[in-house]
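The values are calculated or read from the model by the stated rules, or taken from the named source; none is laboratory data. All values derive from a computational prediction rather than experimental measurement. Ideal geometry is used to build each Cβ from the backbone, glycine not excepted, and the neighbour counts take in all protein chains shown.
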Amino acid sequence: MPRRQPTVSRRRLLVGASAIAALGVTAATSAGCGTQPPPPDLDDLTTALDRARADSELAARTAATTRGPIAATLNTVAAERSAHADALADEIVRLTGRPAPSTSVVASTTTTTSAVAAPAPTVDDVIGALRVSADSATTAATALSGYRAGLLASIAAACTSAYAVALVPVGGKR
């Protein structure tokens, strides 16, 4: 009795299995290389970072046009908000593994002769910005947990103390 040839030899079976395995590995690595969605906490941290940078710049600009002890207080507020921005940028880097986004606040250095100069920012402008930042950080802190919640809660407390205590004139109300 003659033997029938197998339709699939062992060699073909091994070559086929190797090809399928290689294809599976290639598909798995290419799927892993795609962009992943950003972490959910990133929006809150980025918003707080933008506010910290803007508040720091606003306080510094206001200090430059203000005299007396309030100017020193505004410089302190600017330094504190800059430190907040640094801490938030560090947390964004830790969360994403990428550098923190650059600021979206752009200062214009060009002027035209027909344009009316914008009035210099006032202490009230700084207080208003700090109030918004404190409210935003408080809302974000309640939605987060762990270190990020603590970071945003401490930022909210610092902003609140700056506008409610440090920037209120002696004997004045705000």
Report summary line: For segment 85-100, the count of residues that are surrounded by 14 or more Cβ atoms within 10 Å (Cβ to Cβ) and not acidic (D, E) equals 8
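Quick check on this structure: which one of A78, A100 is within 30 Å of D41 (Cβ to Cβ), assigned to a loop (DSSP other than H, G, I, E, B) and in contact with a helix residue (DSSP H, G or I) (Cβ under 6 Å, 6 or more places away or on another chain)? Outline the logic, then answer.
Values: A78 fails: assigned to a loop (DSSP other than H, G, I, E, B).
Residue meeting the stated conditions: A100.
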Query raised in the report: modelled with pLDDT under 90, exposed (fewer than 11 other Cβ atoms within 10 Å of the Cβ) and either of a type in the set (S, T, Y) or in a loop (DSSP other than H, G, I, E, B) (or both): does that describe R4?
Result: yes
Requested in this report: Return the pairs, sorted by first residue and then second, in which the second residue is outside any loop (DSSP other than H, G, I, E, B) and of a type in the set (K, R), the first residue lies in segment 118-137 and is under 28 Å from D41 (Cα atoms), the beta carbons are less than 9 Å apart, and the residues are 6+ apart or on different chains.
Outcome: A129/R51; L130/R81; V132/R51; S133/R51; S133/R81; S136/R51; A137/R51
Query raised in the report: Quick one: how many residues across segment 122-159 are buried (at least 18 other Cβ atoms within 10 Å of the Cβ) and among the acidic types (D, E)?
Result: 0
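I need the full set of residues from segment 53-69 which are part of a helix (DSSP H, G or I) and either under 20 Å from the mean Cα position of the chain (by Cα) or surrounded by fewer than 17 Cβ atoms within 10 Å (Cβ to Cβ) (or both), in order please. Quick ask: steps written out before the conclusion?
Within segment 53-69, the first condition is being part of a helix (DSSP H, G or I), and the residues that meet it are 53-64, 69.
If the condition is that a residue be part of a helix (DSSP H, G or I) and either under 20 Å from the mean Cα position of the chain (by Cα) or surrounded by fewer than 17 Cβ atoms within 10 Å (Cβ to Cβ) (or both), then R53, A54, D55, S56, E57, L58, A59, A64, P69 are the ones that fit.
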